[in-house]
Amino acid sequence: MSNLAIRRALITGGGTGVGAVMARMLADAGVKVAVSGRRSDVLAEVANHENITAIVADVTDETSVRDMFATMVDVIGAPDLVIANAGMAESAPIGKTSVDLWKQTLDVNLTGTFLTFREGLAVMDKTKPGRLISIASTAGLKGYAYVTAYCAAKHGVVGLIKSMAAEIAKSPITVNAVCPGFMETPMLEKSVANIVAKTGMTVDEARASLAKINPQNRLIQPQEVADTVMWLCSPSAASITGQAISVSGGEI
Ligand SMILES: NC(=O)c1ccc[n+]([C@@H]2O[C@H](COP(=O)([O-])OP(=O)(O)OC[C@H]3O[C@@H](n4cnc5c(N)ncnc54)[C@H](OP(=O)(O)O)[C@@H]3O)[C@@H](O)[C@H]2O)c1
């Protein structure tokens, strides 16, 4: 076991993208990890590791989130690290943002984080070091055109972690958000496909247009976000709480 303050982790949206990278990194470090999401096939691939267990769950459903933690407690034990990573992003100009898209985006990104943290905290040992970490976004710190619902949801997540951190500051459990800029995952591939369809750019041009938003002119790698999470899980990060940490090449 490496030098981590935690031993059992739950990661929502752990079947793909940065969630899967964090799961493998923690599992390789000896942490028992539960990955959750709606698709059992992608979860099963990540769970092909002696330290990873798959749990099918939908973060927008209160009962499903409660059951997810109950299963984790039964199979692995109570988590001391909960990562609210599940998310979705769909772009639309404000005038074409339907109430359905607005609600779905807030349900997954904001209500999903709230339920994951509320139910996670309920089963955590409040007398031992613990970590609640949200994978928010630079969209939680600044505005981007054509993603009002996503930006509103991620700003909400930043407010949520700051408020929770103040509320549980007397316990050894910290609450933080990690805020990546444009990051190379399946979610980015969807954004690239959308830009190609809407503008006629090539895939390379669309990727370059997103990389250019980062002052370092590159896409963030999921591994960089996982490394930040590993640092937050170290005992030396015990004083870091209520923070929204930008991993964005200086974008914000
Ligand atoms: N990629 C970027 O540029 C970027 C930048 C900043 C922040 N982020 C954030 O990073 C996080 C991870 O995204 P990613 O980039 O790794 O993309 P991703 O591969 O699309 O991951 C999103 C994950 O969320 C899960 N999910 C979606 N809706 C869910 C629901 N209702 N219940 C449970 N799980 C659900 C998905 O699994 P199922 O579909 O199987 O449920 C999927 O595994 C998200 O919160 C995203 O907003 C991404």
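Mind checking which lysines have their C-alpha under 17 Å from residue 103, skipping anything on the same chain fewer than 8 residues away?
154
Take the Cα coordinates of the stretch 70-209, assign each an equal point scatterer, and use the Debye formula without solvent to give log10 I(q)/I(0) at q = 0.09, 0.19, 0.21 Å⁻¹.
Listed by q, the Debye log ratios stand at -0.33, -1.08, -1.22.
Provide the net charge surrounding residue 129, with neighbours chosen by a C-beta distance below 15 Å and charges set as Lys +1, Arg +1, Asp -1, Glu -1.
Working: positive: 7, 8, 126, 128, 131, 170; negative: 80, 125.
Local net charge: +4.
Between residue 193 and residue 40, 0.36 nm times their residue separation minus their Cα-Cα distance comes to what? It would help to have the intermediate numbers written out before the result.
Details: separation 153, 0.36 × 153 = 55.08 nm, distance 2.49 nm.
In short, 52.6 nm is gained.
When all C-alpha to C-alpha distances in the chain are sorted into bins of 10 Å, what percent of pairs does each bin hold, rounded to whole numbers?
Taking every Cα pair in the chain, the percentages come to 8, 32, 38, 18, 4, 0.
Let me know the volume per residue of the alpha-carbon convex hull for the stretch 46-129, in Å³.
Values: hull volume 9.5 nm³, N = 84.
With only Cα atoms used, the stretch 46-129 gives 113 Å³ per residue.
Might you report the magnitude of the Cβ-based charge dipole of the stretch 1-122 about its Cα centre, with Lys and Arg at +1 and Asp and Glu at -1, to the nearest 20 debye? Intermediate values should be presented prior to the final figure.
Details: 10 positive and 14 negative charges, 48 e Å.
For the stretch 1-122, the charge dipole is close to 220 debye.
For the stretch 1-73, what is the relative contact order in percent, using Cα pairs closer than 8 Å and at least 6 residues apart in sequence?
Values: 128 pairs, mean separation 19.5, N = 73.
Rounded, it is 27 percent for the stretch 1-73.
With an 8 Å cut-off on Cα pairs and a minimum separation of 6 or more residues, tell me the relative contact order of the stretch 161-252 in percent.
Working: 115 pairs, mean separation 42.9, N = 92.
It rounds to 47 percent for the stretch 161-252.
Ratio of alpha-carbon Rg to the 2.2 N^0.38 Å globular estimate for the stretch 1-87, to two decimals, please.
Details: Rg = 11.5 Å, N = 87, 2.2 N^0.38 = 12.0 Å.
In units of the globular-protein estimate, the stretch 1-87 measures up at 0.96.
With the contact rule set at Cα under 8 Å and sequence spacing of 6 or more, what percent relative contact order holds for the chain?
Numbers: 520 pairs, mean separation 50.1, N = 252.
Dividing the mean separation by the residue count of the chain yields 20 percent.
Using the Cβ atoms and a cut-off under 13 Å, what net charge is assigned to the surroundings of residue 233, where Lys and Arg are +1 and Asp and Glu are -1? Could the numbers behind the result be given before it?
On the way: positive: 7, 8, 131; negative: 80, 227.
Around residue 233, the surrounding residues sum to +1.
Based only on Cα atoms, what Rg/Rh ratio does the stretch 1-149 have, Rh being taken as Kirkwood's radius? Present the calculation step by step, with values, prior to reporting the outcome.
On the way: Rg = 15.7 Å, Rh = 15.7 Å.
Value, to two decimals: 1.00.
With a sphere of radius 14 Å drawn around the Cβ of residue 30, what net charge do the other residues whose Cβ falls strictly inside it have (Lys, Arg +1; Asp, Glu -1)?
+1
Taken together, the values in this text are just the output of simple stated rules run on the coordinates, not laboratory data. What you are looking at is a predicted structure, and each value in this text was computed from that prediction instead of being measured. Cβ sites come from the backbone with ideal geometry, for glycine too, and all protein chains shown count toward neighbours.
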